[in-house]
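Below: the structure, in structure tokens.
The values are calculated or read from the model by the stated rules, or taken from the named source; none is laboratory data. Not measured: the values here are computed from a predicted model. All Cβ positions, glycine included, derive from the backbone under ideal geometry; neighbour counts span all protein chains shown.
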Amino acid sequence: MATQPKRRRTDNNSGVRRFLKQQIVVFLLYGILLLIATFLFFFAGVKRRDLAVFSLAVCAAAAMLGGIYAGKKAKKRGWLSGLTQTLAPHLLLLLLSVFLNGFSVDWTALFSMLILSLCAMLGGMIGVNLRPSLQKQRRKGRRM
């Protein structure tokens, strides 16, 4: 008598849980990088005019690391997982800003969202390629 293979139980909330877990990781990474940036400003004497560029670099690094994390969890389309990982909190902040301040187009904010989205997409592509199972499959394919 052949045994039936065990079916994996699919949970409808698993995608939402994974997304929320990734969001928490991204916010923790952002907080850690922000603390490091704060110490650099305080102790290294970085000029105030460099604050905007430095904060964008910190956000871009957090977006890329979050994209890498999301890409490692994704099976394919790392660019899409990185993009959704970045756009979700920024769209939430954009809606909150529109609600509190009224609608006004700030080109620097749109430019920074574009940079952050590109960094997260790149991080997602890197994360998908860092998955060990894909590397093993590629090595097996080369041997044949």
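The table for this structure:
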item: Residue 62, sole failed condition from (1) crowded, with 19+ Cβ neighbours inside 10 Å; (2) touching a residue at least 40 places away in the same chain (Cβ under 8 Å); result: (2)
item: Residue under evaluation residue 24, criteria (1) of a type outside the set (Lys, Arg); (2) surrounded by fewer than 16 Cβ atoms within 10 Å (Cβ to Cβ); (3) within 11 Å of the chain's Cα centre (by Cα); (4) at pLDDT below 80, criterion not met; result: (4)
item: Residue list for the range 62-93, restricted to those being modelled with pLDDT of 75 or more, more than 13 Å from residue 126 (Cβ to Cβ) and of a type in the set (A, V, I, L, M); result: 62, 80, 83, 87, 88, 91, 92
item: Residue list for the range 99-144, restricted to those being surrounded by 13 or more Cβ atoms within 10 Å (Cβ to Cβ), closer than 22 Å to residue 56 by Cα and modelled with pLDDT under 80; result: 109
item: Residue within the range 84-102 that is polar (S, T, N, Q), without any contact (Cβ under 8 Å) to a residue 24 or more places away in the chain and at negative phi present; result: yes
